[in-house]
Amino acid sequence: MAAPEPAPRRAREREREDESEDESDILEESPCGRWQKRREQVNQGNMPGLQSTFLAMDTEEGVEVVWNELHFGDRKAFAAHEEKIQTVFEQLVLVDHPNIVKLHKYWLDASEAGARVIFITEYVSSGSLKQFLKKTKKNHKAMNARAWKRWCTQILSALSFLHACSPPIIHGNLTSDTIFIQHNGLIKIGSVWHRIFSNALPDDLRSPIRAEREELRNLHFFPPEYGEVADGTAVDIFSFGMCALEMAVLEIQANGDTRVTEEAIARARHSLSDPNMREFILCCLARDPARRPSAHSLLFHRVLFEVHSLKLLAAHCFIQHQYLMPENVVEEKTKAVDPHAVLAELRRPRRPPLQWRYSEVSFMELDKFLEDVRNGIYPLMNFAATRPLGLPRVLAPPPEEIQKAKTPTPEPFDSETRKVIQMQCNLERSEDKARWHLTLLLVMEDRLHRQLTYDLLPTDSAQDLATELVHYGFLHEGDRTKLATFLESTFLKYRGAQA
């Protein structure tokens, strides 16, 4: 018979259960009811400028997100600039890249006590890069060179995306505290909103905004020219170089809580045994901004660049066109394959050929690889220049603001954040043969299905329908062109057959 548990132990367990229940309490809901703010606060990498960040639940997707609050004491000044704040955040929602923390939704809340900007961002549960590096060093482990290259490639992929916008989006706050890592090795850059938002605000509203460079321990991430000349993309390259150095050595020693010295940085650089890695980091840390390479050109540096395997190119091609294929195409294809059939053969003179058979390929590994590619762990940024779609034009403040009459703006529809992985479409004639009835099935990346029906008008075009679906939140902005092309081919197929 088991001995009863000691009373103090049972009491401690009850206290922990009570604390857990308290943290899961719902404190507030979004106006649409989709986002539920919990009591539990999260430290998403010490995001600058935020008074509070809470864990929240997305009741539609069933996933945890971060509820961010930015408070303003001057309610009148906030109301005067409300339209500008809305414009900035509406554009920030459009920034979509697998290596950038996604901003899902925002809204403004003004009360007698003060005003708030509340916005929902993706939750990265594994913590910041700095936290991961500290754990690695604590376990007396060195940084793996392949992991370092993979992380650098992902960070540069995100920076290249931001810098390719017109005008370029400058992060301006890149540190190991604002870079996050998922459990699967996926890197996410956070705090993209901070510099854009703080630059767009007038002086009387900037008091809540705090920069990482105000903390002594983060001053070494910012270049010598920071704050003295107009910011350019070279600011981010210097910060990236310091992050790359910190990733390579795990930690750059500081003098207690004070700033990291030039001597400590020099010691960290000299400790690198790989000359290519050292040269790569040094070119990023050049004191002259004009001598720092672009994010895209760094992807071609010999320490990172590699000719992509046919397997990786095929995986990207597969994912790009997956909407044209059945949902379980990989599983069905693998069932039809003869495991003893020859997959590849290498012929050798005067010797038997080398053969690889399908039985030697793990299809479970193939599914995992496709999922990693889909999530952005293996980008193709050093294969071809990828420019972002739907460039946010107003993220940088214009030199002059034209005064215009303020008109009431309707509440925007929720934007669809999920990508479509499969599309099916069917057209049927109505009973009177006067109209076409369209049925569209969209399979989202979380495997949920969305079925839409519509009676086509003679004036409807594939492009107009795709644009309308994006506007009403049924389709991701990045899938607009893909759906329009798909609908156009369907229209030609059905209407041509009836002609």
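Out of the residues in segment 131-155 meeting the condition of being among the aromatic types (Phe, Trp, Tyr) and touching a residue at least 60 places away in the same chain (Cβ under 8 Å), tell me which one is nearest to Met277 (Cα to Cα).
Selected residue: Trp148.
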Q: For segment 164-173, state whether one or more residues are part of a helix (DSSP H, G or I), in contact (Cβ under 8 Å) with a residue 12 or more places away in the chain and open to solvent by 20 Å² or more (accessible area, probe 1.4 Å).
A: no
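Please pick out the residue among Arg447, Arg418, Arg387 that is more than 18 Å from Leu487 (Cβ to Cβ) and at pLDDT 80 or above.
Within the list Arg447, Arg418, Arg387, the selection yields Arg418.
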Q: State yes or no: is Phe222 at pLDDT 95 or above, open to solvent by less than 50 Å² (accessible area, probe 1.4 Å) and under 30 Å from Val117 (Cβ atoms)?
A: no
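Would you say Arg292 is farther than 25 Å from Leu483 by Cβ, open to solvent by 70 Å² or more (accessible area, probe 1.4 Å) and at pLDDT 80 or above? So that I can check it myself, show each step before the final result.
Details: farther than 25 Å from Leu483 by Cβ: yes; open to solvent by 70 Å² or more (accessible area, probe 1.4 Å): no; at pLDDT 80 or above: yes.
No, not satisfied.
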Q: From (1) acidic (Asp, Glu); (2) in contact (Cβ under 8 Å) with a residue 12 or more places away in the chain; (3) not in a helix (DSSP H, G or I), pick out the condition that doesn't hold for Asp372.
A: (3)
Q) Between a first residue in segment 305-333 that is of a type in the set (Ser, Thr, Tyr) and a second residue that is at pLDDT 80 or above and not in a helix (DSSP H, G or I), which pairs have beta carbons less than 7 Å apart while being 6 or more apart in sequence or on different chains? A) Tyr323/Val420; Tyr323/Ile421; Tyr323/Gln422; Tyr323/Met423
Q) Residues of segment 146-167 being in contact with a helix residue (DSSP H, G or I) (Cβ under 9 Å, 6 or more places away or on another chain) and within 19 Å of Val93 (Cβ to Cβ), which ones? A) Ala158, Phe161, Leu162, Ala164
Q) Would you say Ser125 is modelled with pLDDT under 90, open to solvent by 60 Å² or more (accessible area, probe 1.4 Å) and of a type in the set (Ser, Thr, Tyr)? A) yes
Q) Exactly one of (1) over 24 Å from Lys105 (Cβ atoms); (2) open to solvent by 10 Å² or more (accessible area, probe 1.4 Å); (3) within 14 Å of the chain's Cα centre (by Cα) is unmet by Ala145. Its number? A) (3)
Q.
Please count how many residues of segment 324-365 are open to solvent by 60 Å² or more (accessible area, probe 1.4 Å), in a helix (DSSP H, G or I) and not charged (D, E, K, R).
A. 6
Q) Which pairs do you get when a residue that is in contact (Cβ under 8 Å) with a residue 12 or more places away in the chain, found in segment 221-247, comes within reach of a residue that is of a type in the set (Asp, Glu) and not in a loop (DSSP other than H, G, I, E, B), reach meaning Cβ atoms under 9 angstrom, with the pair 6+ apart or on two chains? A) Phe221/Glu212; Phe221/Glu246; Phe222/Glu212
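The values are calculated or read from the model by the stated rules, or taken from the named source; none is laboratory data. Quick caveat: nothing in here was measured; it's all calculated off a predicted structure. With ideal geometry, Cβ positions are generated from the backbone for all residues, glycine too; neighbour counts draw on all protein chains shown. Areas reflect the complete protein model, heavy atoms only, side chains present, ligands, DNA and RNA absent. Shrake-Rupley method; radii C 1.70, N 1.55, O 1.52, S 1.80 Å.
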